[in-house]
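The values are calculated or read from the model by the stated rules, or taken from the named source; none is laboratory data. The model shown is predicted, which means the values in this text are computed figures rather than measured ones. Methodologically, a virtual Cβ is constructed for each residue, glycine included, from the backbone with ideal geometry; neighbour enumeration extends over all protein chains shown. Quick note on the areas: whole protein, heavy atoms, side chains included, nothing else; ligands and nucleic acids left out. Shrake-Rupley method; radii C 1.70, N 1.55, O 1.52, S 1.80 Å.
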Amino acid sequence: MHKPIALLGVALSTLISVPAHAQFAGGDADGGIYSMTLLGIPVSPRAVALGEAMAAIDRDPSAIWYNAAGMLGLRTNAFTVNAQQRFAQTQVLGTAVTFPTEIATFGIAARAFNGGTIEGRSEGEPTGGNIRAYQWTLEGGGAIQLARWWRWGGTLMFAQEQLGDQGEASVGVNSGMQFPDVLFGRLTLAGGIRNWGTNVNFDEGFEGFSPPQTLYFGAGIDVFRRRNLIQTPMLFRGQPIIFDAKVVGQFNVPDRMEPYVGLGVEATVNGVAIGRIGYQTGDDNRSGISLGAGLNVGQFRLEYAFRNYKNGGAGFFENDPVGDAHNVSFTFFWGERERNEPVVPVVVAAPIDTASINAAVRGAIQEQLAALR
């Protein structure tokens with residue numbers, strides 16, 4: 001391997017794949033075994049805030065990155081843009097478009113990862129140029145309802161990884177299923193495989209590196225489903241205050257790495273205000289708590305998530321001004337209002353006027369008594 005490329009690999013070994021294992025005390029001990037690490041990074045704030053437990057989530061355009069079967073349930077076209085500021089001044093960007101049809105829901109998406117830039121050196125001397133590391137991915141696919149209780153979704157993807165002046169590509173597939181309405185219409189089960197693709201080899205003589213292939217199994221249960229917990233509300237223009245809450249979990253089995261679990265809770269108020277909290281296990285940099293919030297305003301949705309990473313336990317990250325991951329997204333829903341249902345549950349029924357009903361009943365009884373007399 002050329003020396004400038006080797007230097008870049010050492011500097012960014014916790015972020016991108018190199019033909020060596022990065023060993024950081026107290027942090028990630030599995031760095032450097034995958035190519036196309038962008039495929040294993042959560043893109044959307046919802047995924048980050050829920051501990052990446054997205055297998056059983058539906059009606060979301062960002063589901064194309066996690067379990068494409070979750071694109072089903074959308075009744076409007078959707079466009080989402082996601083940005084993430086990660087530690088060591090690296091960034092992830094993602095955008096996706098989904099559009100439902102009579103037969104299936106289709107979507108296309110793109111992701112990009114900026115791994116950073118360093119000064120190129122050869123034998124300790126500057127070469128007069130900079131060396132960059134970045135990755136990008138394109139994918140597209142769809143989801144279809146095979147039965148009332150069975151959804152399937154899949155995508156094809158093309159991923160490119162660039163290390164300095166060397167670039168390699170990988171082609172792969174994602175496939176996932178969801179089984180909704182299992183228990184009293186509240187439980188959803190899910191499972192599938194992500195990032196099953198071709199190997200990448202930057203230099204002859206080294207073993208090729210595969211994308212982060214992962215088997216996953218998930219579940220989600222609706223704890224509250226449009227439940228009115230306040231009988232005499234004063235907010236939302238006199239409408240009832242309706243709570244929705246969902247608990248999700250996901251068990252992940254990565255290739256050549258230890259399994260880990262993600263858990264999350266998501267709650268909404270009248271489909272407008274969103275709150276999330278998640279937790280992920282593992283002895284690597286992924287473990288820890290994450291928080292998130294969101295707001296639905298008409299056809300727009302704004303979301304944010306925060307996650308505190310251990311930064312691999314590496315000393316050269318200690319003075320990083322960012323240190324953690326901050327995630328933001330903007331989603332726009334559009335379509336024919338006459339044919340499409342709202343994407344989020346919004347209660348439009350007014351409170352029942354019991355006084356008017358009682359007065360009408362009393363009047364009817366008095367008229368009947370008068371007729372009998």
Of those in region 270-283 that are surrounded by fewer than 20 Cβ atoms within 10 Å (Cβ to Cβ) and either in a strand (DSSP E or B) or not small (Gly, Ala, Ser) (or both), the residue modelled with the lowest pLDDT is 283
Some residue of region 306-327 being within 30 Å of residue 100 (Cβ to Cβ), at pLDDT 80 or above, open to solvent by 40 Å² or more (accessible area, probe 1.4 Å) and not basic (Lys, Arg)
no
Cβ-Cβ under 9 Å, sequence separation 6+ or interchain: first residue in region 57-70 and β-branched (Val, Ile, Thr), partner buried (at least 24 other Cβ atoms within 10 Å of the Cβ) and in a helix (DSSP H, G or I). Which pairs?
57/46; 57/47; 57/63; 57/70; 64/70; 64/71
Where residues in region 92-106 are out of contact with any Pro (no Cβ under 9 Å at 6 or more places or on another chain) and within 17 Å of residue 325 (Cα to Cα), which of them is least open to solvent (accessible area, probe 1.4 Å)?
94
Every residue from region 27-63 that is polar (S, T, N, Q), open to solvent by less than 10 Å² (accessible area, probe 1.4 Å) and not in a loop (DSSP other than H, G, I, E, B)
62
Go through region 233-253 and give me each residue that's modelled with pLDDT under 90 and farther than 16 Å from residue 58 by Cα.
233, 234, 235, 236, 237, 238, 239, 240, 241, 242, 243
Identify, please: which residue in region 64-91 is at positive phi and out of contact with any helix residue (DSSP H, G or I) (no Cβ under 8 Å at 6 or more places or on another chain) and is, among those, surrounded by the fewest Cβ atoms within 10 Å (Cβ to Cβ)?
89
I'd like to know if region 41-60 contains one or more residues that are in contact with a Pro (Cβ under 6 Å, 6 or more places away or on another chain), within 26 Å of residue 97 (Cα to Cα), at pLDDT 90 or above and not hydroxyl-bearing (Ser, Thr, Tyr).
yes
Can you report the number of residues in region 171-191 which are surrounded by fewer than 23 Cβ atoms within 10 Å (Cβ to Cβ) and either closer than 21 Å to residue 40 by Cα or in contact with a strand residue (DSSP E or B) (Cβ under 7 Å, 6 or more places away or on another chain) (or both)?
12
Within region 84-143, considering residues that are touching a strand residue (DSSP E or B) at 6+ places or on another chain (Cβ under 9 Å) and among the acidic types (Asp, Glu), the one modelled with the highest pLDDT:
139
